[in-house]
Structure formats: C-alpha cells, structure tokens
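Heads up, the thing below is written out as structure tokens.
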Number of protein chains: 2
Amino acid sequence: MRMYDIIAKKKIGYELTLDEIEFAFMGFTREEIPDYQMSALLMAIYFNGMTLSETINLTKCMANSGEKVDLSEIQGIKVDKHSTGGVGDKTTLIVTPIVAACGVKVAKMSGKGLGFTGGTIDKLESIKGFDTCLSIQRFIEAVNKVGACIAGGTSNLAPADKKLYALRDVTATVDSIPLIASSIMSKKLASGADGILLDVKTGSGAFMKSIEDSIKLAQIMVDIGYGAGKKVSALITNMDIPLGNKIGNSLEVVEAVQILKGAGPKDLTQMCVALAVEMLVLAGRGDADFCTSLVEETLSSGSAFEKLCEIVTEQGGDAQMIREPSGFTVARVCKEVISPKSGYITKMDTEAVGISSVMLGAGRDTKDSEIDYSAGIDMKKKTGDYVKEGETVAVFYTQSEELFDNAAEKYLSALTISGNKPSESPLIYAKVEKSHIMRYE
Amino acid sequence: MRMYDIIAKKKIGYELTLDEIEFAFMGFTREEIPDYQMSALLMAIYFNGMTLSETINLTKCMANSGEKVDLSEIQGIKVDKHSTGGVGDKTTLIVTPIVAACGVKVAKMSGKGLGFTGGTIDKLESIKGFDTCLSIQRFIEAVNKVGACIAGGTSNLAPADKKLYALRDVTATVDSIPLIASSIMSKKLASGADGILLDVKTGSGAFMKSIEDSIKLAQIMVDIGYGAGKKVSALITNMDIPLGNKIGNSLEVVEAVQILKGAGPKDLTQMCVALAVEMLVLAGRGDADFCTSLVEETLSSGSAFEKLCEIVTEQGGDAQMIREPSGFTVARVCKEVISPKSGYITKMDTEAVGISSVMLGAGRDTKDSEIDYSAGIDMKKKTGDYVKEGETVAVFYTQSEELFDNAAEKYLSALTISGNKPSESPLIYAKVEKSHIMRYE
C-alpha cells in the first residue's frame with residue numbers, strides 16, 4: 001500500500017477502505033507517513049468529504065490509537081456531554097451536578113479553552129485546589145463516590161487525533177464536517193461513557209455558523225456513536241449570543257453557582273435544564289416530562305448546588321469559595337463600557353465578544369498562553385435589550401489597565417445598535433437523535 | 001502575510017495576488033514555508049484551479065527563482081521546442097537539425113526520461129562522447145557556430161519549479177493544468193529562446209489523456225508565453241500510438257537518422273515535418289507552404305542529416321557512429337515477441353508499451369536508475385496492421401535474458417487484437433495559437 005495512491009484515490013472521489021484509512025492515519029501517528037502527504041490528503045478530504053463508513057472507520061482508528069478508559073467499575077449508566085465550544089458556555093459546571101443529583105453518574109472529560117471559546121477545565125481551575133489532572137483510577141473512584149467527576153482528558157487519549165488536529169490547524173483543514181466529527185467522537189469513544197449528549201453550538205460565536213451544517217455534523221456524530229455501541233443524541237443550540245451574562249473563568253463559576261441557587265439569568269437556566277433533561281433521558285432515567293420535574297426539583301431544593309460542593313471537595317477544591325463566592329482572585333481593574341448611542345441591540349458578533357474577553361486576559365491566544373482567571377466581562381445588555389447613549393453595556397475586569405481600551409473597542413464593534421426591537425431567537429434550534437431530527441420554532 | 005491565510009483563501013476559491021503567490025512559492029523555495037503547508041495549497045489549487053493571471057504570476061515567479069539564460073549574444077531569432085513527453089518521441093533529434101538547416105537558430109534545452117516516457121538527453125548520450133552538460137557560454141557558442149545545440153537544463157534553471165515538482169510528485173498534485181503549464185513555461189521562460197513550439201502529446205501514451213484538456217493546457221501555455229513577450233504556439237499531437245517503430249535510446253537515434261536520410265516511417269516523418277514547419281513559421285521564416293518546401297528540401301538534399309552530424313561533432317560526439325550506424329553498444333539478447341492470435345491491432349495502450357521498454361532496461365523507474373542505452377523495442381506491427389497468429393509483432397533488445405518474459409507479457413497485454421480494421425486517427429489533432437484554435441479532422 002502506498003500513501004500516494006490513497007491521496008490520489010480520495011482526490012478523485014473514491015471511498016477509502018478501512019485498511020487504507022488505518023495505513024494513512026496510523027502511519028501518520030507513528031510518523032511513518034510524512035506531514036506533507038497527510039496535509040494533501042486532508043485537503044482532498046475537505047473537498048471530497050468522507051462517507052459515513054469512512055468517517056466511522058477514521059473515528060474508531062483514532063479512538064484506538066491510545067489509551068481507552070474502562071469505566072466498567074462504575075455501576076450503572078455513565079453519561080458524558082460534549083460542547084463544540086462557545087462564548088460564556090459554563091453549562092458543564094451546572095449540568096453535571098444537576099444530573100448527578102438526579103441519580104445518574106456523570107463521567108465528564110473536558111478540555112481547555114483555545115481562541116475565542118472558553119474551556120471548562122480553566123473555569124474549574126479558578127477554584128483554589130481544584131484538581132482536574134486525575135489518574136483514571138481516581139476518576140473512577142470520584143464518580144463512584146459522589147456521582148460525578150470532571151477531569152481533563154489524559155494526554156494519551158486518542159493521540160492520533162491530537163497529532164492530526166495540530167496539522168489541520170496550520171493547513172486550513174479544520175472546517176471539514178467529517179474531520180470535526182471524527183475528532184470529537186474519537187475522544188468520546190475513548191473516554192468510556194455509555195451515553196453522550198452533544199451540544200452543537202451554532203452561530204456567530206461558534207465554529208459552526210449555520211444550523212444546517214450543525215445538523216449535518218450532529219447526524220454524523222450520532223451515527224458514529226451508535227456504530228460504536230453508544231447512545232448519543234445532540235442539541236443544536238444558539239450561539240449567536242453569549243450564554244448568560246458572564247464571560248471569564250471565575251466570573252462564570254460565580255454565575256454557575258447563581259443558576260444552581262435558582263437566581264441566574266433565564267436563558268442560561270433554560271439551556272441547562274434542557275441539556276440535563278436530555279442527559280437523563282439518554283441514561284434511561286424516564287421520559288422528558290418526568291426528567292424535567294426531577295431537574296427542577298434539584299434546583300429548587302438546592303440538591304444540585306450541594307452536589308457541586310461535593311464534586312469540588314472530592315477533587316480537592318475549596319468548596320467554601322463557592323458556598324459564599326469569595327476568595328477568587330479579584331481583578332485589579334473594573335471598568336464600565338459605555339454605549340455610544342441609543343437603540344436596541346439587534347445583533348452581537350459573539351466571536352468578537354469572545355475575543356474581547358481574551359484581550360482582557362481571560363483566554364489563550366496560543367496553547368501556551370497564561371490565563372488570568374479573574375479577567376472577563378459582565379454583560380449588562382444583550383441582544384434584544386434597549387440601551388441609552390452613555391449607559392453601561394458591560395463591565396470589564398482585568399489585571400492591567402492598558403488592556404481595557406482595545407478590548408472595549410472590540411466589544412463595541414461587536415454590537416449592532418439600531419431603531420427596531422429584534423425578534424427573539426430560539427435557544428435551541430433542533431434535536432438530533434438516531435434517524436430522527438426534531439426542529440424547534 | 002501568513003501562509004495559513006493564503007491556503008484558506010485558495011480553498012474557498014478566491015484569486016491570489018502576485019504578493020501572495022511570491023510569498024508562498026518563493027518562501028517554499030527558500031524553505032521558509034514548510035512542505036506540509038505547500039502540499040495543502042497545491043491540493044486546494046488542484047480542486048479550485050488558478051486564473052490565468054495567477055498562473056502567469058506563478059510562472060514568472062518560478063522563472064525568476066534562479067539563473068536566466070541570456071541568448072542575446074546569438075544573432076537572429078532563437079527557437080526552442082518542448083514536448084510534454086511520449087513513447088518513441090525522438091522528434092527533437094530530427095526537427096532540430098532540420099530547422100537549423102533552414103537557417104533558424106535552435107537553442108534547445110532538453111530533459112531526461114522518467115517513468116514510461118523517454119528523454120532526449122538520454123538518447124543523445126547513447127552517442128559516444130556526446131556532451132549535454134554545457135556551460136551557458138559553450139551553449140551560446142555552439143548555437144552561433146553550427147546553428148543549433150541540444151543541452152540539458154542547468155541545475156539552477158527555475159529551481160523553484162524543481163523543488164515544487166518533487167513535492168507534487170509525492171502528493172498526487174501533478175495533474176493540475178495550471179501547475180503543469182507553469183512548470184513547463186517557467187523553464188522555457190528562463191531558458192531564453194524567442195519562439196517556443198509546444199508539442200502537447202495526447203492519449204494513452206501521454207500525461208494528457210484527452211484532447212480537450214490538452215487544448216486547455218496549450219492555451220494557457222501560449223497565453224503565459226505571450227504575457228512574457230515570447231512567441232508561442234502549440235500542436236496537439238496523437239500519442240495513442242508510439243511514434244515511429246523504435247523505442248529505446250540508441251534504437252531511436254538510428255531511426256532518427258533514417259528519417260533524416262528520407263528512409264524512415266511515414267508517421268514519424270510527417271510529424272517531424274509538421275513540427276519543423278511550425279518552428280520556422282514562429283521564427284518568421286515564411287508562411288507554412290514556403291516553410292514546408294524548405295523542410296522537404298533539407299530532407300531530400302541530405303542537408304538536415306549533415307546538420308545533425310555537425311551538431312554531434314560540435315558537442316563532442318562521434319559523428320561516424322551516425323554516418324554509418326555502428327559502434328552503439330549491442331544488446332546481448334535480441335528476441336521476437338509473437339502474436340498469440342490473428343486479427344487487426346485496433347488499439348495499443350501506449351503507456352504500457354513504454355513501461356515494457358523500461359522493463360527491458362531502456363528507461364528509469366526512479367531518478368537514480370541506470371539506463372541501458374542498447375535496450376528497447378523494434379515494433380513490427382502497430383495499430384491498424386493485420387497480424388497472424390505466430391507472427392512477430394516486435395523485436396525486443398536487452399542485456400539480460402531474464403527481463404524478456406515479463407516485458408513481453410506487458411507488451412502483449414497492451415495490444416487489442418480483433419476482427420475489424422480500425423479507422424485511422426489523425427497524427428495532429430489541433431493547433432493552438434494566440435487567441436486561435438484550429439482543429440484538424
């Protein structure tokens with residue numbers, strides 16, 4: 001078998017066999033296939049796509065390339081959740097304790113933030129002592145003991161995907177639906193949960209910009225999951241507007257606590273209830289109505305909040321910091337961003353909002369950037385709100401005064417302010433299950 | 001400027017600017033742009049093509065990447081010819097002395113054979129003493145003195161193309177019309193002739209398989225040439241059947257001599273007359289009718305043959321070897337290939353015929369393979385001929401008995417023998433000039 005022939009075959013649009021996929025991608029992982037041949041193949045895949053069978057084979061091949069987590073020591077059905085990444089997306093911090101409080105085990109592998117999107121691991125690490133680098137044994141113990149654990153992926157989970165992603169990132173071959181699907185699902189298959197809920201974020205603050213592309217991506221991921229014996233479903237959710245009001249690591253932890261105490265923003269609460277219900281349904285806890293009542297009960301009774309405290313304590317974190325939000329590093333600079341005109345906010349370029357929070361120090365420009373956990377944005381006005389000239393649209397937090405001006409300029413450039421109140425967009429566009437798509441208004 | 005953005009721009013189908021082309025391709029030549037980014041760009045070019053303006057910019061950029069031959073010391077118009085490569089294509093050995101004998105200077109840069117196609121340099125080197133590695137000064141002197149010179153390209157002619165071709169060759173990105181056009185024309189622009197005749201070989205024994213693709217390629221190359229102030233035209237010629245009867249280096253030199261003495265195969269003679277006439281017309285020697293009479297005169301008078309002897313002598317070769325063909329290394333094995341059945345040869349897979357001559361030792365599998373100058377094929381029957389079962393279809397020459405069987409099997413598999421006499425195909429399909437295509441029957 002020759003890599004040249006595999007590139008040529010994909011280039012003219014033929015389907016690659018399992019053997020050819022293994023030869024190319026495992027050869028690349030073992031450094032037997034040079035980068036320059038793989039990048040040519042990746043670009044040919046960008047143009048000609050992959051069939052479902054090719055995508056499943058690639059996913060399995062990458063999932064098998066390293067360590068696979070065996071969760072059989074955890075009793076009952078284990079669920080996981082994956083978000084394709086967005087701005088202000090702190091849902092994992094909220095949904096994980098809710099689902100665990102409803103009696104379903106959550107074995108959650110999370111990632112760090114990169115670019116304009118945040119990452120759950122960074123948010124959790126803003127809690128003093130919180131440890132996300134757990135051995136698989138510790139991970140299993142924690143899930144067994146408190147019902148949930150949120151850990152960073154081990155470095156040897158799907159190493160083929162890691163190496164491939166690094167090449168895609170510099171060769172403009174990231175935005176290929178089968179490559180995105182296999183990248184996400186290879187890590188999820190390797191991480192051992194029985195049920196996986198996919199949150200495919202869609203819009204100006206997400207990698208997927210169109211609902212139709214998101215549905216296509218979700219369908220492929222659901223099919224891959226079932227092909228590997230997992231229960232998978234997906235929600236296609238709105239990322240044309242940041243989720244909740246806070247962006248930035250410790251700011252988002254504080255907002256998550258508000259939600260769990262029943263006092264957070266409505267959009268974020270609704271989204272978290274929907275995600276938690278889906279995870280419970282996937283785990284077979286009951287039908288949607290029953291699970292909704294369970295979830296609402298955990299919020300009103302405070303049991304979900306208590307579960308978060310247990311999770312934090314179990315992973316070495318200081319639960320007192322979230323019981324009475326204090327002890328987080330305080331930003332040195334706290335300054336208001338003022339609206340230059342009056343009118344309705346009709347649109348927020350959510351990627352630009354995310355970038356402005358990175359400019360304040362809340363995110364990473366490159367993999368090695370240091371994060372300022374205290375930096376971020378408290379949005380006072382969002383899409384649909386009326387704002388007067390001179391009124392505060394957001395409060396910025398940062399350690400360095402000089403970062404403010406550029407970030408504020410970026411933030412204001414992200415807002416479209418005009419005369420007419422915009423119509424409201426749905427929070428959730430669609431739900432994708434095996435052989436079934438349900439679209440919401 | 002970032003290579004990533006250039007790849008992404010081409011991927012979504014936008015035209016690259018001159019600055020972007022220089023940044024990418026000169027950066028690659030200087031090893032500032034890694035192979036894996038260039039191969040991704042090449043594959044995006046394969047899919048999205050290049051505009052004429054991009055192709056001209058790429059060609060000029062590669063032509064300017066190394067030494068440029070200055071032929072201004074040679075008086076009069078200098079013409080060159082380029083064949084895209086075929087099987088049994090010894091036309092350069094014949095056309096060069098004809099054109100020079102008609103009083104037009106030929107400054108010919110040639111290449112070595114690779115794969116199933118032969119190369120002029122290899123054929124000439126089968127003549128004892130013949131030197132194709134000339135300094136530019138010696139090249140100019142030779143053209144001035146005898147009217148023609150055939151040299152191998154200097155290693156520093158269009159080095160960007162050389163480096164790029166090596167990458168295309170291993171990433172399945174050779175068969176892109178703008179990349180082929182810019183590769184050929186960058187070397188031709190750098191090699192200094194005023195007029196260039198392109199022989200675009202088409203069919204089973206050529207890289208270009210369809211007449212329409214060949215016309216498209218020719219049009220782009222003609223446009224590039226005019227864009228750089230050169231006179232260029234192209235003939236689209238038949239390579240569905242090997243040219244002449246002989247394949248292999250010294251065998252082809254002997255056949256070239258036969259043509260120049262007026263005693264060679266009809267197809268090859270006609271093709272050479274047509275090519276020579278085009279070169280003379282390009283050089284402004286007269287109209288096609290007048291140039292045809294000039295060419296025929298050089299063949300009947302023997303002046304073209306004498307010119308070949310002068311060229312050989314000037315480049316250090318032993319002209320006696322071609323005056324009385326002898327002194328060539330004699331193949332140790334000379335063996336007939338026998339037809340397994342009776343009928344008309346209706347088709348020859350010309351690439352397979354070329355491969356069978358390589359299997360006898362006449363060509364190169366890789367750039368570093370050694371060539372056996374004596375090896376090759378003398379075809380006794382070609383497309384359109386009737387052959388009886390047990391009759392000789394070809395005589396094979398090789399140094400090693402054990403190479404015969406596989407090569408003969410390959411050769412016979414290339415022939416389609418059936419009941420009906422096939423209709424005759426034209427030798428020349430079309431002529432492409434600036435803004436004008438003439439198609440022949």
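State whether one or more residues within region A:260-273 are in contact with a Pro (Cβ under 8 Å, 6 or more places away or on another chain) and within 22 Å of residue A:99 (Cα to Cα).
yes
Scan (1) surrounded by 23 or more Cβ atoms within 10 Å (Cβ to Cβ); (2) among the aliphatic types (A, V, I, L, M); (3) more than 20 Å from the chain's Cα centre (by Cα) for the single condition residue B:353 breaks and write down its number.
Status for residue B:353: all satisfied but (3).
Which of the residues that make up region B:10-30 are within 13 Å of chain A (Cβ to nearest Cβ) and out of contact with any helix residue (DSSP H, G or I) (no Cβ under 7 Å at 6 or more places or on another chain)?
The answer is B:12, B:14.
Can you name every residue in region A:166-181 that is of a type in the set (Ser, Thr, Tyr) and under 15 Å from residue B:6 (Cα atoms)?
A:171, A:173
What's the number of the condition residue A:6 fails, among (1) free of Cβ contacts under 8 Å to residues at least 60 places away in the same chain; (2) away from chain B (no Cβ under 14 Å)?
The number of the failed condition is (2).
Quick one: count up the residues across region A:356-369 that are within 21 Å of residue A:254 (Cα to Cα) and either without any contact (Cβ under 8 Å) to a residue 40 or more places away in the chain or of a type in the set (Val, Ile, Thr) (or both).
Of the residues in region A:356-369, 1 are within 21 Å of residue A:254 (Cα to Cα) and either without any contact (Cβ under 8 Å) to a residue 40 or more places away in the chain or of a type in the set (Val, Ile, Thr) (or both).
Here are the criteria: (1) under 25 Å from the mean Cα position of the chain (by Cα); (2) surrounded by 15 or more Cβ atoms within 10 Å (Cβ to Cβ); (3) in a loop (DSSP other than H, G, I, E, B). Tell me which single one residue A:331 does not satisfy.
(1)
When region A:155-183 is examined, which residues are found to be within 12 Å of chain B (Cβ to nearest Cβ), farther than 23 Å from residue A:52 by Cα and not in a helix (DSSP H, G or I)?
Answer for region A:155-183, where residues must be within 12 Å of chain B (Cβ to nearest Cβ), farther than 23 Å from residue A:52 by Cα and not in a helix (DSSP H, G or I): just A:171.
Within 28 Å of residue B:355 (Cβ to Cβ), in contact (Cβ under 8 Å) with a residue 60 or more places away in the chain and part of a loop (DSSP other than H, G, I, E, B): does that describe residue B:204?
So residue B:204 fits the description; yes.
Every residue, every condition in (1) crowded, with 17+ Cβ neighbours inside 10 Å; (2) touching an Asp or Glu at 6+ places or on another chain (Cβ under 8 Å); (3) hydrophobic (A, V, I, L, M, F, W, C); (4) not assigned by TED's automatic domain parsing to the domain that holds residue B:390, yes or no:
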residue	(1), (2), (3), (4)
B:234	yes, yes, yes, yes
B:255	yes, no, no, yes
B:268	yes, yes, yes, yes
B:285	yes, no, no, yes
B:298	yes, no, no, yes
B:307	yes, no, no, yes
B:310	yes, no, no, yes
B:313	no, no, no, yes
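Please enumerate the residues belonging to region A:233-267 that are assigned to a helix (DSSP H, G or I) and closer than 19 Å to residue A:357 by Cα.
Selection gives A:249, A:250, A:251, A:252, A:253, A:254, A:255, A:256.
Would you pick out the residues in region A:91-114 that are modelled with pLDDT under 95 and among the basic types (Lys, Arg)?
Passing the criteria: A:108, A:112.
Given the conditions (1) of a type in the set (S, T, N, Q); (2) within 20 Å of residue B:87 (Cβ to Cβ); (3) out of contact with any Ser or Thr (no Cβ under 7 Å at 6 or more places or on another chain), report the number of the one that residue B:342 does not fulfil.
(2)
Considering each of A:50, A:62 in turn, give the residue that is under 26 Å from residue A:16 (Cβ atoms) and more than 23 Å from the chain's Cα centre (by Cα).
Result: A:50 is the single residue among A:50, A:62 that is under 26 Å from residue A:16 (Cβ atoms) and more than 23 Å from the chain's Cα centre (by Cα).
Could you say which residue among A:150, A:127, A:121, A:140 is assigned to a strand (DSSP E or B) and either of a type in the set (A, V, I, L, M) or within 14 Å of residue A:316 (Cα to Cα) (or both)?
From the options A:150, A:127, A:121, A:140, the qualifying one is A:150.
Out of (1) over 24 Å from residue A:222 (Cβ atoms); (2) not assigned by TED's automatic domain parsing to the domain that holds residue A:175, what's the single condition that is false for residue A:69?
It fails just one condition, (1).
Give B:250, B:303 a once-over and let me know the one that is buried (at least 22 other Cβ atoms within 10 Å of the Cβ) and of a type in the set (S, T, N, Q).
Answer to the check: B:250.
Given (1) under 20 Å from the mean Cα position of the chain (by Cα); (2) surrounded by 18 or more Cβ atoms within 10 Å (Cβ to Cβ), identify the lone condition not met by residue B:366.
Of the numbered conditions (1) under 20 Å from the mean Cα position of the chain (by Cα); (2) surrounded by 18 or more Cβ atoms within 10 Å (Cβ to Cβ), the odd one out for residue B:366 is (2).
Here's the yes/no breakdown for (1) in contact (Cβ under 8 Å) with a residue 60 or more places away in the chain; (2) in a helix (DSSP H, G or I):
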{"site": "B:15", "(1), (2)": "no, no"}
{"site": "B:22", "(1), (2)": "no, yes"}
{"site": "B:87", "(1), (2)": "yes, no"}
{"site": "B:94", "(1), (2)": "yes, yes"}
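Anything in region B:401-421 that is part of a helix (DSSP H, G or I) and either surrounded by fewer than 14 Cβ atoms within 10 Å (Cβ to Cβ) or not assigned by TED's automatic domain parsing to the domain that holds residue B:379 (or both)? List them, or say none.
Scanning region B:401-421 gives B:401, B:402, B:405, B:406, B:409, B:413.
Go through (1) in contact with a Lys or Arg (Cβ under 9 Å, 6 or more places away or on another chain); (2) buried (at least 24 other Cβ atoms within 10 Å of the Cβ); (3) at pLDDT below 95 one by one and return the number of the condition residue B:205 breaks.
Going through (1) in contact with a Lys or Arg (Cβ under 9 Å, 6 or more places away or on another chain); (2) buried (at least 24 other Cβ atoms within 10 Å of the Cβ); (3) at pLDDT below 95 one by one, residue B:205 breaks only (1).
Quick one: count up the residues across region B:45-90 that are within 14 Å of another protein chain (Cβ to nearest Cβ) and β-branched (Val, Ile, Thr).
Here the count works out to 1.
Which condition number does residue A:1 fail, the rest of (1) surrounded by fewer than 17 Cβ atoms within 10 Å (Cβ to Cβ); (2) modelled with pLDDT of 95 or more being met?
(2)
Listed here are the residues, each with its yes/no results for (1) under 17 Å from the mean Cα position of the chain (by Cα); (2) crowded, with 24+ Cβ neighbours inside 10 Å.
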| residue | (1), (2) |
| --- | --- |
| B:98 | no, yes |
| B:111 | yes, no |
| B:125 | yes, no |
| B:142 | no, no |
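Only one of A:27, A:13, A:76 is surrounded by fewer than 24 Cβ atoms within 10 Å (Cβ to Cβ), touching a strand residue (DSSP E or B) at 6+ places or on another chain (Cβ under 6 Å) and either on the phi > 0 side of the Ramachandran plot or modelled with pLDDT of 95 or more (or both); which?
From the options A:27, A:13, A:76, the qualifying one is A:76.
Which of the residues belonging to region B:31-40 are more than 8 Å from chain A (Cβ to nearest Cβ) and in a helix (DSSP H, G or I)?
Listed by number, the list is empty, since nothing qualifies.
If the requirement is being in contact with a helix residue (DSSP H, G or I) (Cβ under 9 Å, 6 or more places away or on another chain) and over 21 Å from residue A:434 (Cα atoms), which of these qualifies: A:241, A:184?
Unique residue meeting the criteria: A:241.
Mind listing whichever residues of region B:226-258 are in contact (Cβ under 8 Å) with a residue 12 or more places away in the chain and more than 18 Å from the chain's Cα centre (by Cα)?
Once the filter is applied, which keeps residues that are in contact (Cβ under 8 Å) with a residue 12 or more places away in the chain and more than 18 Å from the chain's Cα centre (by Cα), region B:226-258 yields B:226, B:227, B:228, B:230, B:231, B:254, B:257.
The values are calculated or read from the model by the stated rules, or taken from the named source; none is laboratory data. Note that the structure is predicted; figures quoted are calculated from it, not measured. Note that we place each Cβ from the backbone using ideal geometry, even for glycine, and neighbour counts take in every protein chain shown.
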